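Comments concern the structure below.
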Amino acid sequence: MANTCYKIWVHGIVQGVGFRYYTQSQANKLGVTGYAHNLRDGSVEVLAAGDEQKVDALIAWLKAGGPTSARVDKVLVEPHQPTPIPTRFTTG
């Protein structure tokens, strides 16, 4: 069961640069579940669920710029209560 969950919106050059793949890889390393989806406005929406420290580590990684191929200009974070809680991290 997830201890915490957040929706995160990442703005900048984050589409077409492997951002979702690297975010999924980082989430899997940390043991965080959720997803990373491209949005029509060019941003990426990330749902991150799991142990609070691990989710915080993923958010810190996103705020630090994520993968080197991306340019992150802004990261917005909001608490979220998904139903059901995701059991793995996906991209789409």
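The values are calculated or read from the model by the stated rules, or taken from the named source; none is laboratory data. If you're wondering where the values come from, they're calculated on a predicted model, not measured in any experiment. So basically every Cβ, Gly included, is an ideal-geometry build from the backbone, and we count neighbours across all protein chains shown. We work out accessible area using only protein heavy atoms, side chains counted, and drop any ligands, DNA or RNA first. Shrake-Rupley method; radii C 1.70, N 1.55, O 1.52, S 1.80 Å.
Answer yes or no as to whether Val14 is open to solvent by less than 20 Å² (accessible area, probe 1.4 Å), of a type in the set (A, V, I, L, M) and under 10 Å from the mean Cα position of the chain (by Cα). Considered against the rule, which asks whether it is open to solvent by less than 20 Å² (accessible area, probe 1.4 Å), of a type in the set (A, V, I, L, M) and under 10 Å from the mean Cα position of the chain (by Cα), Val14 comes out as no.
Count of the stretch 26-39 residues, restricted to those that are closer than 9 Å to Phe89 by Cα and of a type in the set (S, T, N, Q), is 2. If you go through the stretch 38-68 and keep only what is surrounded by 14 or more Cβ atoms within 10 Å (Cβ to Cβ) and either within 13 Å of Gly16 (Cα to Cα) or of a type in the set (Lys, Arg) (or both), you end up with Asn38, Ser43, Val44, Lys54, Lys63, Pro67. Just name the residue that is farthest from the chain's Cα centre (by Cα) out of those in the stretch 17-31 that are open to solvent by less than 30 Å² (accessible area, probe 1.4 Å) and within 15 Å of Asp56 (Cα to Cα). Taking the candidates together, the pick is Ala27. Of the residues that make up the stretch 32-43, is at least one among the acidic types (Asp, Glu) and within 11 Å of the chain's Cα centre (by Cα)? Scanning the stretch 32-43 turns up no residue that is among the acidic types (Asp, Glu) and within 11 Å of the chain's Cα centre (by Cα).
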